[in-house]
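Okay, structure first, notes after.
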Amino acid sequence: IGRGTATIGRLLTEFNPAFTAPNAVKDAITVAVRAGAHEGVSTARVMSNFPSAWGAIVNHKWGDRSSPDAKLYEEFLKTGGKTGAYGIQGVADTMRSLEKAGAALGYADHSAGYARKVGRLLKTIPHAVSNMNEVLEYASRFAFYKEMRRVGNSPGKAAAAAKEVTVNFNRSGEWGRNLNSVLVFANAALQGLRNTVVYGKNKHVQKGMMGLVALGAASQIWNEQMGGENEETAEPNINSQNDTVADKNLVMLMPGERKGIKVPLPPEYALPYTMGRRLYRAISQGNVEKEMAGIAGATLDATLPVRLPEADSGALAGAKALVPTVVAPMADIWLNQSYFGSPIVPEQQDKRAP
């Protein structure tokens, strides 16, 4: 079951181009909130390190490790700054990795027949996506690592901090691994909650969280004042947005339009943003009970040992979260919704049309 869950998890994340950029944005926001909690670290300098971090990882991937940044990334890897989301490799995978590294091996699966050559060819595209994912995902950790080393921290201390600044997938208790083998991303939710509590004790992080509350209110003000109204209902266009999606993303509508910019928020810090957005909407539009229920749902999402997928309602999101991952694809097809809440097959807008 764990193998099946890990495979689906990789398809949703590591080998999924649509996941790569939003996840990088979430990690960047998390690092921006937490970086200043470390003595001497400049958040602005960490964020300015991102372009050079991308270049260093790309150069390292291509084998050009002569630049100072590429050498620093090599140090980052050797010291243990990189995390793995899917646990320890099986014996066969480990042997293949050793073979690729140049080890002379003689195990049963060693011979490279026609089937294995075709298999390796088919793996080229997903591995290219995986490499792109690594460039974007580890840029945030490496940019932070680079700043930690600049202010005088040892490689070991900098690598340990880089693993913890976002979700440390290597940290897991016995029950965490068992839960993660049935429900994908369960361990990530647990570790995200743990890190949020640990970092939440720092005043710099508390200011960042209050800033997200203000950002939620500001985005709602913009959308109500500038986003225009629905001609039929006279309600603000922002109200036509799915609340489950709006609570997990910074949505900024174009003036007078129902569409706009959507910036994904890290699950750990979507709650303060939701609080600001919904509290302002309670003041401007009333319906306090609905907004309080929405804040309660966002609180559950931030503290449960599983993440609530995006869905049409909180109840549906909760039901989807508890479905074992190995059977979730069948449930998604039946509901016509992917894990991220988007329709698998576009739904017909005009029900009266043939």
Relative to the chain, whose Cα atoms define the longest principal axis, helix 270-285 and its Cα axis are tilted in degrees, nearest 10, by 10
Here the FRET efficiency for Q206 versus L77, based on Cβ atoms and R0 = 41 Å and rounded to 0.05, is 0.80
Under a Gaussian network model of the chain whose springs join Cα atoms within less than 10 Å, the largest fluctuation of D64, D247, D301 belongs to D64
Residue-ordered couplings for the stretch 70-82, obtained by feeding phi - 60° into the Karplus form 6.51 cos²θ - 1.76 cosθ + 1.60 and rounding to whole Hz (Gly and Pro as x), are 5, 5, 5, 5, 4, 4, 4, 5, 5, 7, x, x, 7
Residue-normalised 222 nm signal for the chain, counting each DSSP H run of n ≥ 4 as -39,500 (n - 2.57), nearest 500 deg cm²/dmol, is -19000 deg cm²/dmol
Taking r as the C-beta separation of E174 and E229 and R0 as 41 Å, the FRET efficiency to the nearest 0.05 is 0.15
For the pair M292 and K259, the simple spin-label estimate (label points 7 Å beyond Cα toward Cβ) gives in nm 3.8
Within the chain, excluding any chymotrypsin sites (Phe, Trp or Tyr not before Pro) found in a DSSP loop (not H, G, I, E or B) and having at most 13 other Cβ atoms within 10 Å, the longest uninterrupted segment runs 108-354
Packing-ranked peptide list from 287-294, 318-325, 160-167, highest mean Cβ count within 10 angstrom first, is 160-167, 318-325, 287-294
Rounded to a whole %, the carbon-and-sulfur portion of the accessible area of the chain at a 1.4 Å probe is 62
Given Cβ charges of +1 for Lys and Arg and -1 for Asp and Glu, the option among H204, M254, S219 whose Cα lies farthest towards the positive end of the dipole of the chain is H204
With all protein chains in place and a 1.4 Å probe, H204 shows an accessible area in Å² (nearest 10) of 70
Computed over the chain: longest principal axis from alpha-carbon atoms vs helix 124-150 long axis, angle to nearest 10 degrees, is 90
For R45, the accessible surface traced by a 1.4 Å probe with all protein chains present amounts, in square angstrom to the nearest 10, to 110
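The values are calculated or read from the model by the stated rules, or taken from the named source; none is laboratory data. Quick caveat: nothing in here was measured; it's all calculated off a predicted structure. When we count neighbours, we look across all protein chains shown, and the Cβ atoms used for this are built from the backbone with ideal geometry, even at glycine. We work out accessible area using only protein heavy atoms, side chains counted, and drop any ligands, DNA or RNA first. Shrake-Rupley method; radii C 1.70, N 1.55, O 1.52, S 1.80 Å.
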